[in-house]
Each structure stands twice: as structure tokens, then as C-alpha cells.
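Comments concern the structure below.
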Protein chains: 2
Amino acid sequence: ILLANGVYAAAYPLHDGDYEGENVEFNDRKLLYEEWACYGVFYKYQPIDLVRKYFGEKIGLYFAWLGVYTQMLIPASIVGIIVFLYGCATVDENIPSMEMCDQRQNITMCPLCDKTCSYWKMSSACATARASHLFDNPATVFFSVFMALWGKQGLSGKNIGDDPRFIAEYEARVLEKSLKKESKNKETDKVKLTWRDRFPAYLTNLVSIIFMIAVTFAIVLGVIIYRISMAAALAMNSSPSVRSNIRVTVTATAVIINLVVIILLDEVYGCIARWLTKIEVPKTEKSFEERLIFKAFLLKFVNSYTPIFYVAFFKGRFVGRPGDYVYIFRSFRMEECAPGGCLMELCIQLSIIMLGKQLIQNNLFEIGIPKMKKLIRYLKLKRQSPPDHEECVKRKQRYEVDYNLEPFAGLTPEYMEMIIQFGFVTLFVASFPLAPLFALLNNIIEIRLDAKKFVTELRRPVAVRAKDIGIWYNILRGIGKLAVIINAFVISFTSDFIPRLVYLYMYSKNGTMHGFVNHTLSSFNVSDFQNGTAPNDPLDLGYEVQICRYKDYREPPWSENKYDISKDFWAVLAARLAFVIVFQNLVMFMSDFVDWVIPDIPKDISQQIHKEKVLMVELFMREEQDKQQLLETWMEKERQKDEPPCNHHNPKACPDSLSGPAPSHAYHGGVL
Amino acid sequence: ILLANGVYAAAYPLHDGDYEGENVEFNDRKLLYEEWACYGVFYKYQPIDLVRKYFGEKIGLYFAWLGVYTQMLIPASIVGIIVFLYGCATVDENIPSMEMCDQRQNITMCPLCDKTCSYWKMSSACATARASHLFDNPATVFFSVFMALWGKQGLSGKNIGDDPRFIAEYEARVLEKSLKKESKNKETDKVKLTWRDRFPAYLTNLVSIIFMIAVTFAIVLGVIIYRISMAAALAMNSSPSVRSNIRVTVTATAVIINLVVIILLDEVYGCIARWLTKIEVPKTEKSFEERLIFKAFLLKFVNSYTPIFYVAFFKGRFVGRPGDYVYIFRSFRMEECAPGGCLMELCIQLSIIMLGKQLIQNNLFEIGIPKMKKLIRYLKLKRQSPPDHEECVKRKQRYEVDYNLEPFAGLTPEYMEMIIQFGFVTLFVASFPLAPLFALLNNIIEIRLDAKKFVTELRRPVAVRAKDIGIWYNILRGIGKLAVIINAFVISFTSDFIPRLVYLYMYSKNGTMHGFVNHTLSSFNVSDFQNGTAPNDPLDLGYEVQICRYKDYREPPWSENKYDISKDFWAVLAARLAFVIVFQNLVMFMSDFVDWVIPDIPKDISQQIHKEKVLMVELFMREEQDKQQLLETWMEKERQKDEPPCNHHNPKACPDSLSGPAPSHAYHGGVL
């Protein structure tokens, strides 16, 4: 209350002392700094108990969760590397990419844009095809199943929420908490806001969120149009070196624009979510946090993943066909995927956004900006305090030193960053098996970076009790579920896995993949081009083109219903959908099966809890007896004394396990 | 131990007294009989607390669960009736069935069996088509979604397992139990069986289960062959009245055979499962029960549902095509579904098996056999005791009267019956919307029947503590999950819902269903029949047949690839699969959404639990203080007495909530 009235500028617990220097006495902060907040100890387990003791349970839980998550990334990374290496090893045996690279096949492809683009040779996309095999091979399917199970099982919070260390103490705390809560509820219930009061705020919320999601979509659409027009413009360029790198240039610039927009909007959306939650006036701190997290997550999720979703599921699907292309705004022809399949592009998009986000957010926002702020504050302080007080500054009190540090802003940004990363790792893992590896590398740094931040750069936060990671657990579970279905769709629709299988079992004459590339291409008679869309410079290849090929399953020009969708299309579509059903239910079944086979850990924990309860009761009994004996002896000796048996002079007699071993500093209180 | 050595013939708690007669004093048993075990009170809630007090927690839980389940069936039944009435109301507006009944269309269908069957007119299947609309209409799809949610949510055990009444006492009991368990474990651990010892038993288990499942499949196959040969034999019959009822006769007899086999095998499999579990030598009573339940459930599930699965997903799907039929054992042509779709047949099969099972098992096994056993035992007793002891018999002791009653055989059969019923209600509800209604009617009787059995016909069972319904909860959840996917497949593959949608949006010229029947039929040129398979008597219809129609999506005889699977087939297949994906994920999402929107009940419960804990602790504290005061006063007054404050003479001072309010009769012990 004093804080709210402006009497105090800030209230925070003090740090234990300095963490550096030789002549500081030994304290927890120094220990943490040496054993935890250095990059040198990255291979060690974190001293979670000490962290919890020093910073409180909530922050302890965050680091414990981060540690478990990082540990779990290790097997995922290893399997991902193996899958990638398998792709590298088999790239030369891959018949479809060999066929695409084969100069003798000499397949003439239809132009990729109207007028300015010319026909092109299939073999010019050889490199892309070979690269895409690295990520689009049968091992990826197994990896997806593995990662779907990993995502559903691994982070189900069992390891964290039910950690017996936490539970043992939790029991007692719940008691205190519920007592507190009751008194708190009584106060707030008096001025309860009705639904009518809240309605405008809720409406604002809904409208703003929809508006911001629309903004995100609009930006993605803008980038698409930028790509289309850039590609057309570059294709007009006469320099052959420019023309040969069109795709690379356009993709790279577009992804970078996307990345910058994502990072900027992330910050903007964070602020807006905070503002929106404030006007909702939630009842409790916890409710405020949950609403804020939900909104911020929704916005950041849409923001981060929209471009990736576009590439994975929409790009190249609604392009129409030669002679009847689909146009947006009547002038931009929808872009197609590279001949190696959209998976390669998805992979590029994903890796750049994921890596760029991690690097920029880690380096700039988590290291750079706090350092800068510190500098600014230091300079300000220096200007205020005249130089003759130097002596005083040197011996300044602990609280003055701590005041120079950045205030603690909550764990939400840290969690959010990790959850979005978890999304990158699980949602589209089918297209980028190396994602877990990059996440692992990032997290190893992230743990120590965060640790350093907490030990050296932030004021010591007020210890907050927490039972589990709260709403984050639900979000993680949601992502885990979403990951299954998205991976199923990526494998069946974005990759060429299913068309290859269908070809192998339905069409292949000798049981090999020979002829697959030819099978996926439809023919188009160039005389059927609409007016003004035929290439201006058709003789680029040195011979006259009569039939060009395009990637789709349609009837050939000599068929009765020419350019209609063919039977093959429907057969492949049915196979793709069947795969989705099989994949999803297989993962669900396996997930349940794993749950059923490995119920040992929870059982052990529940047994331990029971044992602890038994001990608790025994303790009570014993103490009662002790007390009686004590009383008997006391009463005889010192009748005049009326001392209650449980107080600070006689702490051993108190039922310790009930009042709970609260962190020692919880009694320090906030001092300035 | 005495029981095991044969010293005692049986050990059981006594009943409270007689439940009938005017001059018996008032007791719990009489109260239960009047307020619970009569059919007259079927509309009342059950007196669960009294049941729990009298029979112990486990049986109380069973009846509580049964009550909740029955209550939940009420909304499901109402919605089911509405769906059925909707079907009745719209049957005359249904264009496909109108087209089928239209005599003018005059579609000649291909024969349903080789040689003996002749061509037949589409309009002769008019009645089936109209009947099948009752169950196969758009409302069924909504009903399936509703029931899938109902199955997933309703019985998730929240309402039962977490019932605060149970939990309040559970807390204390766990303590006792875990103490007991520890001592028990110590004994058994000494003679722990190694994996090597158990291997033969496990192998026997596995082999037996696989063998019995194979037996079930073989029986179903046998019934199929019976149907095929019966149909062919009846078709040869010259009497026209026999020939017109072929389908009804064959279906009815086959289903009855199935039903009898299911009921017989149910009993056999129950015994085998018990034997298999015995040779496994499980460690504890609970482990024994769980293993037994798992095995028995697996076998009974396969036994009950295999014929239904066959009709739903396999019948009529692998028949080949005219001129190239599929034969099993080289002589039996696979049977086709009726022209109204297999859904009608599935509906008949389901209703007969469900109703028959309930009626026979309820009446015969639950009423008839116990009565007969009682009679036999009574006669035996009469023969043993000479007539001059009549006086003695009349005034025989409570334990003698009770010995005449049937011993309590566990709740497994009761639960099993209900779970199998739950499977009928949820798994194939898309084909038979009235299933919940029949289940409801059955359960209303079942509750009172079971109640009567427990009160009047069984010896009073030893009270057993139970926290929740145990493994049954997992089985229920499993069925709930399975129901979603099975209903999705029933709607998309067994019903004509998807082909109709596809026709409406892809092929229909004027946006109506006119022409749908024609679209689903392919043409066959009768000159393409294989040798010896053409009908012997083709002129049955009065005109010569050149083209006959059959239900499939294949190319017409005048096409290039005649009788090949057509594009339509793949398009419909893709639509069916897409529907499965949409349905499954929609239900999953809605289920999660409902969970998220209605978290109030668990919250309330957890708050209540916290409050109870708080109260418990306060109680402790107060008692401690009381005791101190007591001690102080006592010690002064009666120094010579060394009485411990907590014993039977002073029960008020004992911490009641810890030792737990055990059912009163638990102290009676077993007496004979």
C-alpha cells in the first residue's frame, strides 16, 4: 500500500551480498554465481534446490522445467541428427532426385510466371531436389512419430509438477494459502464487478485480438505479393546471373522481412496484450497473469507461425493450371513451389525464422538491452551524485547497489520464448529434423544467460510460491496435441512421401521408383495458353516447345476432358488422408500405451507421498506424547510458568512439517 | 488362514436382520429393502450413503456409478428419440428412397448370388430403403458428435472418483492402507517370483488369448458361411413366399445364432480368464482383480463386437464385381449388403444383440439361476435336517439364515455387463440412435435388480474400501476414445451420408438429390458373366436383360477400361477419409473446449478438500490444546493414574479423523 501511494519507490528483497570480488564473505549469491550462472558449467546439473531457496519456488520451477526440457532435447537432437545423416547417406541412391538431375530426360517445364518467365528445364532444379531429399526421406516419418510421442509424453509436466520435493512442501503450503485466500476473497467479493461492467472490456479484447490477427495475415499476404512481384521483376532483368538466382534472392529477402516483422510485432503484441488485460480488471494476480499469458500466447503464436503455415499448407496449392491460373487482385499469379516440393522451402523458412528469432532475441533483447539500460541508469546516477561523494558511493549500502539493478519483470517472457521454441521443435519437425538440435544449443546458453541475469543484473525478486508451471502446462499440452495433427498433414500433404508410396504400389511396373517424376507431371499444350500469358521469349531453350509439363495430376491435352483433375489426383488425395488418420491414431494409441506401460514413476511418487503423510501423522503422535511427558515433568518443576509448548524458544517441539520449511528469506520482508 | 485350511466353511459378516415381516425390529437392511431394492422406487435417487454404510465403500461406489451412468443416459435417450422422430418425419421427403421406390425407374439389379439367384428390381427394396432413412439421416451425424462428447466427457469419472464424500474419508484410509501395505509387502517380497518363473504362465496367457480370439473370429466366419449357403439354398426353393423373405429369414436366424454364441462364449471366457489369471499368481488381491478384468474384458469385448464390426466395416466391401466376384473357400461368394446400405443391417444386428443380451442375461442369469441355486440349496438342507427339528429350523440363528444365501462373487460381472452395454451405446450409436433409450430402460430395472440381489439373495459381503472404480475407469475412457473413431468410420463408410454430400456438391445438376441412386450404381453387361455364374432363370422379370446394375463406383462396359474403379470412387473415398479427420478432430477439440469452459466442479471440490484439510489441522491443534489443559487439570487431581489420553474409555479425545470413520460392521468380524 505504501508502494502504491508513492512513499516508496520500490520494494524488493535484498541480495545476499556481492557475487564477485575476493574479499566478500561466502554467501548463497556467490555460490549461485559460481556454480550456476557461468557458461563454464553448462554440462552440470543446475543446483535447483539452491535456486529455489534463494529466488523462491516459482523461479526455481522455471529453471527446473527449463533443465528438464533441455535434457529432453538431447535424445530428440540425437535422433534428428541420425535422420539427417541418413538423408545425406542415401541422397545418391534416391531415384526421383537422380531422375530430376538426369540431363538426358530433358523435361521442359511450363513457365513460373506470365509473359516474362520462359520455359525451363527440369534438370536445372537438380540441386533443390537433392537438398530436399535430406529432409524428405522415409526416416522423417519415423522421426515425426517419435517427436509426436516426445511432445505428448515428455513435457506432460509429470516430471515437474509432481516432483516429490515440491509436493512434500506443497501440502503444507496449500493450507496456509487457502487460509489466506479465504480472507482475501472476502475483501474482493464486496466490490464484485458484474458482467455488465465487464462487457465493454471483453468486446474491446475480442475486437482487438481479431484485428491484430488480421494484421498478421495482411502482412503475410503483403510478403507474398512482394515475392510474386519481385520474382516477376527479377525475371525481366537481362543479366543472366540475376536470373539464375531469382528463387534464392526472393526467398531469402522475403524470409528476412518476415523475420523482422515477427520480432517487431512480438514486442508490440506483448504490450497490447498487457494493456488489454489491464482493462479487463481481473480479480487476482493469478487471474491477471493467466489472461495475459493466454492473449499474448495467442497473438505471438499466430504471429510466429502464420508464414510457416502458409508455406506448409497453402503455397503452391491454389495455383490453378497453365492456361487457367489463379490470380490474386487480378494481376498477381499465385506462386508455385520449387520442383523439389514445398518441403524444402518450408525447411528454409523454418530454420531462418527459428534461428533468427533465437539469435536476435537472445543477443539483442536479453543481453544488449539490459546492458544498455544499466549503462543509462549508471550515467544518470553519476550525474546526480556529485564527484566528492565518491567515498560514499563506494561504501554504499546493499539496497543502494541493488537499486541500480533492473527490476524483475516476471517470468512470462522467458516462458513465452521457450514455448514458442517448443512449437518450432514439435509442430513442423517433420520438415526440419535439425530443429531439436538448434533448440538444444540455444537452451544450453539460455539457461546460463537467464541464470546470470537473475544473479547479477536483476533485483532479487520476491519469492513466490508455485505448485506447478500453471497455464504453461496447458499450453504445452495443447501444442503437443496440435503437433500430432500438423505433422501428419506436413508429411502427407507437404512432402512427397505419399505420392511416392502410391506410385510404388499402384503404378510402378517393376517395383522401383523409376518413372516417378514423370508420373507426377501433367502435360500442357502451349497452344492452350490464354491470350497474353504465353512466354514472350519461348525460344530461350533453343528449340520450339509444343508440350510443357507442370506438377499436378490432371488429364493430358489429348484426353476427352482435357486438364480436368485426374483419377490419380483423387487416389493420391485418399492415400494422403488415410495416412493422416493412421498417423494420428497410431500416435494416440502409442501415447496411451506408453502411459500404460510406464506407470511406475507416478506410482512411486504417490507411494512416497503416502509415506510422507504417514510420517507426518507419526510425527504428530510422537510429538503429542513428547509434549505430554514434557508437560508432566514441567508442570511438576515449574508450576508458575505458563509457557506454550510451541514458540520460537522451543522450535523443536513445533510441528515443523505442517508450518512447512519456507525459504529462509521469506521472513526478511521487503526493505528499502 | 483358518478359512484356507478348511476349518471354517465360510466367513462373512452377518446381515442386520430380516428385511420382511411385520414384527421385525427396524434395521438398516429393512430400510434398504424398502427404500432401495423395490421396483416401485425406480424414479427416486438411491440412498447411496446408506448403501455404503451397510455394504462398504466398493459396492456403494458401484451403485453410485450405476446411478450416475443411468442418469446420464436420460439426455442421451431424449436426443436419440428426437433424432429417430426426425427420421420418421422426413422419410417421405427423402429423395433417394423415393427414387428407389419409384416403379417407373425400373432399374434391373444384378443377381445377389450365382446361378440360383435371378435379376431383381430396385423397387423391391423400397421398404428397406425407407426404413434405413430412419437411422441414416443428417441428424444422425449431429447425434454422433453429441454422443462422442457424451462418452468422452460424461463418464470421465470426475463425478464419481472425486466425489468429496469419498475423498474426505479416503484421506484417512490411505494412511492405514499404506501402513498395512508396507507390512504386507515385506512378507511377500521375500518369496518374490522372478521373471523366469512367470514366463510359462505369461506365454500360456498370450497363446490362450490369441487362440480364443481366433475361435471368436472362426465362429463369426462360420455364421457368414451359414448365411451365404442358407441364402443360396432358400433361393433355390420354388415356393415364392419363401423366396420373398430370404433376406429377413437369413438375417434373423444368423443374428440369433450369433447371440447364442456370444452369450455362451461369454460364460466360457469368464471362466478361462479366471483360470489364466490364477496361473499368473499375481501378488495382491488388487493385482489379481485388475489382471482378471483386463483379460475378461478383452475376450468379452472381442466376442460381443466382432459380428457387429464385420457388418459395419467388412460386409459388402470385398465382394468384387459382377463377372469377377470374390469367393471364400473357392465356393462361397461374399455376401452383399441390402440396397439401403449396410447401416440398416448393422442396426438390426446391433439391436438384436444388445436387447437379446440384456434380456437373457438379466432374466436368466441374474434372476433365474440364483433362484434355482437357492432352491437346490434349500432342498439339500431340508433333506439333511430331519423333519422333527422343524422347531429348531424356524428359530435358526442369523448366521444360519445367511448361510442359505448365495455367497458374494464380486462386482466384476456387474461392471462388465454395464461396460459392454456402454460400448453398445457409444461405439455404434451412429447406426442406432435408440440404443441409449434401451440401455436406460434396462438400467432402471438393473439397479433395483442388483439392489434386491444384494439385500435379499446374497450373504452380506465383507466391506471393502475403494477410492474409485479402478481399472473400469480406464476401460471406460478407452471405450470413449474408441467410440469417436468408430463413429466417424460408421458415418463416413457405412452410411450413405458422404456419397450423398459428394453427389450434392460435385455432380448434382440442379442442387437436389435427384439422380443420386442412379449415380451410385454401375452398369454391367450380362454377356461379361463368367462361365456358370449367370442366372439360370434370367427371364424371371418378363423381359430380356442386357445391362444390370450393381452398387459400386466403376467404369461402365462401354468405357475404355471397363469395370475399372472409377474417378468417382476415389473422390468419394477422399471425402470419406476427410470426414473422419474432421469428425475426430472436431470432437477432440470440442471435448477439450468443454473441459476448459467447465472447470468449476473440480475447482470447487479441490477447495473443499483444502478446507477439509484445514479443518483437520485445526482439529489437531485444538485437541492438542485441550489435551494440555486436560492434562494439567488431571495431573493435579489424579497423580497416581497413568492413563494414556487416547483409548476406548475416552474416545472423544482420540483424533477421530485420522483413524477414520470405518463402517460399523467392520469390527464384527467373520463368524460362523
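For the stretch B:269-281, the condition holds for no residue, the condition being that it is assigned to a loop (DSSP other than H, G, I, E, B), of a type in the set (Asp, Glu) and touching a helix residue (DSSP H, G or I) at 6+ places or on another chain (Cβ under 9 Å).
Take the stretch A:121-137 and flag every residue that is surrounded by fewer than 19 Cβ atoms within 10 Å (Cβ to Cβ) and touching a Leu at 6+ places or on another chain (Cβ under 9 Å). The answer is A:Lys121, and nothing else.
Of all residues in the stretch A:253-281, exactly one satisfies the criterion of being without any contact (Cβ under 8 Å) to a residue 24 or more places away in the chain and buried (at least 17 other Cβ atoms within 10 Å of the Cβ), namely A:Thr277. Here the stretch A:580-603 is the region considered, the condition is being at pLDDT 75 or above and of a type in the set (Asp, Glu), and the residue that is nearest to B:Asn585 (Cα to Cα) is A:Asp592. Within the stretch B:525-555, the set of residues being more than 45 Å from the chain's Cα centre (by Cα) and polar (S, T, N, Q) comprises B:Asn525, B:Ser527, B:Gln530, B:Asn531, B:Asn536, B:Gln546. Would the stretch A:547-564 turn up any residue that is among the polar types (S, T, N, Q) and away from chain B (no Cβ under 13 Å)? No, the conditions are met nowhere in the stretch A:547-564.
Can you tell me which of (1) away from chain B (no Cβ under 14 Å); (2) at pLDDT below 65; (3) more than 30 Å from A:Cys88 (Cα to Cα) is the one A:Val220 doesn't meet? Evaluating A:Val220 over (1) away from chain B (no Cβ under 14 Å); (2) at pLDDT below 65; (3) more than 30 Å from A:Cys88 (Cα to Cα) leaves (2) as the failure. For the stretch A:481-497, filtering for residues that are within 12 Å of another protein chain (Cβ to nearest Cβ) and of a type in the set (Val, Ile, Thr) leaves 3.
Quick grid of which residues meet (1) within 32 Å of the chain's Cα centre (by Cα); (2) among the aromatic types (Phe, Trp, Tyr); (3) at pLDDT below 75:
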position	(1), (2), (3)
B:Leu375	yes, no, no
B:Lys380	no, no, no
B:Cys392	no, no, yes
B:Tyr415	yes, yes, no
B:Gly423	yes, no, no
B:Gly470	yes, no, yes
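Which condition does B:Asn531 not pass, out of (1) free of Cβ contacts under 8 Å to residues at least 24 places away in the same chain; (2) more than 30 Å from B:Arg330 (Cβ to Cβ), if it passes all the others? Failed condition: (2). Restricting the stretch B:507-524 to residues that are under 40 Å from the mean Cα position of the chain (by Cα) and outside any loop (DSSP other than H, G, I, E, B), the residue that is farthest from B:Thr140 (Cα to Cα) is B:Ser522.
Residue-by-condition table, conditions (1) over 23 Å from A:Pro322 (Cβ atoms); (2) surrounded by fewer than 20 Cβ atoms within 10 Å (Cβ to Cβ); (3) modelled with pLDDT under 85; (4) among the polar types (S, T, N, Q):
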residue: A:Tyr473; (1), (2), (3), (4): yes, yes, yes, no
residue: A:Ile486; (1), (2), (3), (4): yes, no, no, no
residue: A:Ile498; (1), (2), (3), (4): yes, no, no, no
residue: A:Leu501; (1), (2), (3), (4): yes, yes, no, no
residue: A:Gly511; (1), (2), (3), (4): yes, yes, yes, no
residue: A:Val526; (1), (2), (3), (4): no, no, yes, no
residue: A:Thr533; (1), (2), (3), (4): no, yes, yes, yes
residue: A:Asn536; (1), (2), (3), (4): no, yes, yes, yes
residue: A:Leu541; (1), (2), (3), (4): no, yes, yes, no
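Among the residues here, B:Pro339 qualifies as at pLDDT below 80 and over 30 Å from B:Thr456 (Cα atoms). Checking each residue in the stretch B:224-265 for being at pLDDT 80 or above, under 24 Å from B:Phe318 (Cα atoms) and in contact with a Phe, Trp or Tyr (Cβ under 9 Å, 6 or more places away or on another chain) picks out B:Ile224, B:Ile225, B:Ile228, B:Ser229, B:Val250, B:Thr253, B:Ala254, B:Ile257.
Residue pairs whose Cβ atoms lie under 7 Å apart, sitting 6 or more positions apart in sequence or on different chains, and linking a residue in the stretch B:292-306 that is under 17 Å from B:Gly470 (Cβ atoms) to a partner that is of a type in the set (Lys, Arg), are B:Leu292/B:Arg274.
Taking the stretch B:411-445 as the range and being surrounded by 20 or more Cβ atoms within 10 Å (Cβ to Cβ) and hydroxyl-bearing (Ser, Thr, Tyr) as the test, the residues that pass are B:Tyr415, B:Thr426, B:Ser431.
Residues of the stretch A:543-554 that are assigned to a loop (DSSP other than H, G, I, E, B) and modelled with pLDDT of 85 or more: A:Tyr553 alone.
Please work out if A:Ser492 is outside any loop (DSSP other than H, G, I, E, B) and modelled with pLDDT of 85 or more. So A:Ser492 passes the test.
The values are calculated or read from the model by the stated rules, or taken from the named source; none is laboratory data. In this text, all values refer to a predicted model and were calculated from it rather than measured experimentally. Backbone-built Cβ (ideal geometry, glycine too); neighbour counts: all protein chains shown.
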